[in-house]
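Here the structure is laid out as structure tokens; the discussion comes afterwards.
The values are calculated or read from the model by the stated rules, or taken from the named source; none is laboratory data. Not measured: the values here are computed from a predicted model. With ideal geometry, Cβ positions are generated from the backbone for all residues, glycine too; neighbour counts draw on all protein chains shown. In case anyone asks, the SASA skips ligands and DNA or RNA and just uses the protein heavy atoms, side chains included. Shrake-Rupley method; radii C 1.70, N 1.55, O 1.52, S 1.80 Å.
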Amino acid sequence: MKRLLLVFTILVALGIGLGPWAYRTFFDQRPAMALPAFDYRALDSWAATPAEVPPAVWMGGWGVDVFLVGPKQDLAAKSESELSRDVERARHQAGGLSQELAPVGPVYAPLYRAGESAPDLAAAFKNYLDTHNRGRAFVIATEHPLPASMLRELETDAALRERFGGFLRLTRPKGDSAQFQAVASGAGIAPFCPERLTGDACQPIVEIGRQDGNIIVTEPAPIGGEQLAAFPDWLEANVAKTAEPLGALEEVEIIDIRRPGETDEQLEARGEEN
């Protein structure tokens, strides 16, 4: 009798512990939540942005930003609660890497859809350049090859390439992943790198590891090597700073100049005489 009671108690405990998992796995058939395209003008489309806006190049001189495409930032279609959990994980991970990459500069890390990485990352990078960059230098940190379509602005704009400090390849020290190229699809990195950086000089390896379930930077200082540490001084000596934009043009209506008491009819008559 005691043995049966013990078995029954164990089964009840297992049922309580495994019940929610079994329900989600076998009985909860709710459709996964579709992910709409991110609007990168909104801060909630980013896993990390600086707490304070960094000074523009025309205000604070040459600073360096980090555009991060790192772990856990890609999101898949799931239930609302699971998606919310994954977004929080992405922000927690990006926040930790932001602190560790702070010696390089402030970090911008977009969220993006796992199945639509190319258009999402292209849109996020363009938004960063148009809205956040403000003439500053920048690097791109990544743990995997990036779509070439994300980097078209680098390929077509020589002035932008001048203030690009290269790709930081976030790499675990074990395995062959140290050999991954920063740009996917066999495109090669040359079209996206400045002339002064060739080959692996444009994509230095930054060692990472795992701690308490998160990816951390284990690279000794300076991150990215002496080349990146000297980047702001090189820019100061070799590249002209972007001037502050004048702002949007305002259309001014041109009005007729009249004599006191002059009417529309008199103006028309004067125009006909001329």
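Taking R0 as 22 Å, what's the FRET efficiency between Ser185 and Thr218 from their Cβ-Cβ distance, rounded to 0.05?
For Ser185 and Thr218, the calculated efficiency is 0.15.
Could you list the trypsin sites (Lys or Arg not before Pro) in segment 87-189 that lie in coil according to DSSP, counting only those with at most 16 other Cβ atoms within 10 Å of their Cβ? Before the final figure, lay out the partial values.
Values: sites: Arg89, Arg91, Arg113, Lys126, Arg134, Arg136, Arg152, Arg161, Arg163, Arg169, Lys174; in loops: Arg134, Arg136, Arg163, Lys174.
The qualifying sites are Lys174.
Which residues' amide hydrogens lie under 5 Å from the amide hydrogen of Thr171, considering only partners 5 or more residues apart or on another chain, with H built in the peptide plane?
Here the answer is Val206, Glu207, Ile208, since their amide H atoms fall under 5 Å of that of Thr171.
At 0.36 nm per residue, and after removing the present C-alpha to C-alpha distance, how many nm does the segment from Ala114 to Glu195 gain when stretched out fully?
25.9 nm
Take every DSSP beta bridge with both residues inside segment 64-238 and express the antiparallel ones as a percent of the total, to the nearest 5. Mind dumping the intermediate values first?
Values: 4 of 22 bridges.
Expressed as a percentage, antiparallel bridges in segment 64-238 total about 20.
Suppose R0 equals 35 Å; then what is the FRET efficiency for Arg172 and Glu244 from their Cβ-Cβ distance, rounded to the nearest 0.05?
Numbers: r = 42 Å, r/R0 = 1.21.
Given R0 = 35 Å and the Cβ-Cβ separation, E is 0.25.
Between Glu162 and Arg210, how many nm apart are label points set 7 Å from Cα along the C-beta direction?
Computed distance between label sites Glu162 and Arg210 equals 4.4 nm.
Considering amide H positions built from the backbone, and no H for Pro or chain starts, which residues 5 or more places from Gly166, or on another chain, come under 5 Å of its amide H?
Amide H to amide H, under 5 Å and 5 or more residues apart or across chains, Gly166 pairs with Ile140.
Give a residue-ordered list of calculated ³J(HN,Hα) values for segment 53-61 (Karplus: 6.51 cos²θ - 1.76 cosθ + 1.60, θ = phi - 60°; whole Hz; x for Gly, Pro).
5, x, x, 4, 4, 7, 10, x, x
For a label point 7 angstrom out from the Cα of Leu129 toward its Cβ, which stretches of segment 36-71 have the backbone nitrogen within less than 14 Å?
The answer is 67, whose backbone nitrogens lie closer than 14 Å to the label point.
Could you go through segment 122-137 in sequence order and give the Karplus-derived ³J(HN,Hα) for each residue, using 6.51 cos²θ - 1.76 cosθ + 1.60 with θ = phi - 60°, rounded to whole Hz, and x for Gly and Pro?
5, 5, 5, 5, 5, 4, 4, 5, 6, 10, 9, 5, 6, x, 6, 6
Only Cα pairs under 8 Å and at least 6 apart count here; give the relative contact order of segment 64-238 as a rounded whole percent.
Numbers: 271 pairs, mean separation 38.7, N = 175.
Worked out over segment 64-238, it gives 22 percent.
Which whole-Hz ³J(HN,Hα) couplings does segment 99-109 yield from phi under the Karplus relation 6.51 cos²θ - 1.76 cosθ + 1.60, θ = phi - 60°, glycine and proline marked x?
Along segment 99-109, the couplings run 5, 6, 8, 4, x, 7, x, x, 10, 10, 10 Hz.
I need the shape label for segment 71-122. Rule: rounded when a/c is under 1.5, else prolate if a/b > b/c, else oblate, with a, b, c from the alpha carbon gyration tensor.
Details: a/c = 3.81, a/b = 1.50, b/c = 2.54.
Oblate, since a/c reaches 1.5 and b/c is not below a/b.
At a probe radius of 1.4 Å, what is the per-residue accessible area of Asp130, in Å² to the nearest 10?
Its accessible surface works out to 100 Å², give or take rounding.
Would you pull out the residues with amide H under 5 Å of Arg113's amide H, same chain only if 5 or more places away, H placed 1.01 Å from N?
Here the answer is Leu75, since their amide H atoms fall under 5 Å of that of Arg113.
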